[in-house]
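The structure appears right after this line, and notes come after that.
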Amino acid sequence: SKDMPPAVGFPNLYTFRITGFHFLMKRRPPLLPPLATEGAVLEPLANSEEAVAITASELFREWLKCLATADVRPLHCDLRRPWDTEGKLTGALPVTWCVMDPLADRSLVRFRGQ
């Protein structure tokens with residue numbers, strides 16, 4: 001944390017947890033439904049796609065792969081709108097990471113460093 005301090009916009013543990021939850025919502029088939037538009041309630045998970053057995057280590061590898069490609073295609077994580085992976089609904093810049101805080105409805109990562 002000394003080399004990438006959250007005070008200048010680098011992600012902290014809470015931010016990485018949100019990226020993990022977002023990954024579980026946007027992967028196909030999704031394993032977690034999105035949050036409701038308000039409050040801390042989960043929307044019902046649509047059973048339109050057939051469930052596939054997957055191990056925790058496979059999920060972890062998929063999530064790491066998602067993070068590894070984020071330098072080329074920045075992450076846009078919104079637990080209320082997980083399908084909006086490019087920030088079209090929130091107006092976030094497509095060249096930066098955007099991890100929306102579900103309570104404050106603002107991005108948790110704003111790189112302010114050099």
**Message:** For the stretch 65-75: of the residues being in a helix (DSSP H, G or I) and not hydrophobic (A, V, I, L, M, F, W, C), which is least open to solvent (accessible area, probe 1.4 Å)?
**Reply:** 69
**Item:** Checking residue 78 against (1) open to solvent by less than 50 Å² (accessible area, probe 1.4 Å); (2) at pLDDT below 85; (3) acidic (Asp, Glu), the condition it does not meet
**Value:** (2)
**Request:** Tally the residues that are hydroxyl-bearing (Ser, Thr, Tyr), within 16 Å of residue 75 (Cβ to Cβ) and not in a helix (DSSP H, G or I), restricting the search to the stretch 1-44.
**Result:** 0
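Yes/no per residue for (1) modelled with pLDDT of 75 or more; (2) closer than 27 Å to residue 2 by Cα; (3) open to solvent by less than 100 Å² (accessible area, probe 1.4 Å):
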position	(1), (2), (3)
19	yes, yes, yes
63	yes, yes, yes
91	no, no, yes
98	yes, yes, yes
105	yes, no, yes
114	no, yes, no
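The values are calculated or read from the model by the stated rules, or taken from the named source; none is laboratory data. On a predicted model such as this, the values are computed, not experimentally measured, just so you know. With ideal geometry, Cβ positions are generated from the backbone for all residues, glycine too; neighbour counts draw on all protein chains shown. All accessible areas refer to the heavy atoms of the entire protein, side chains included, with ligands and DNA or RNA removed. Shrake-Rupley method; radii C 1.70, N 1.55, O 1.52, S 1.80 Å.
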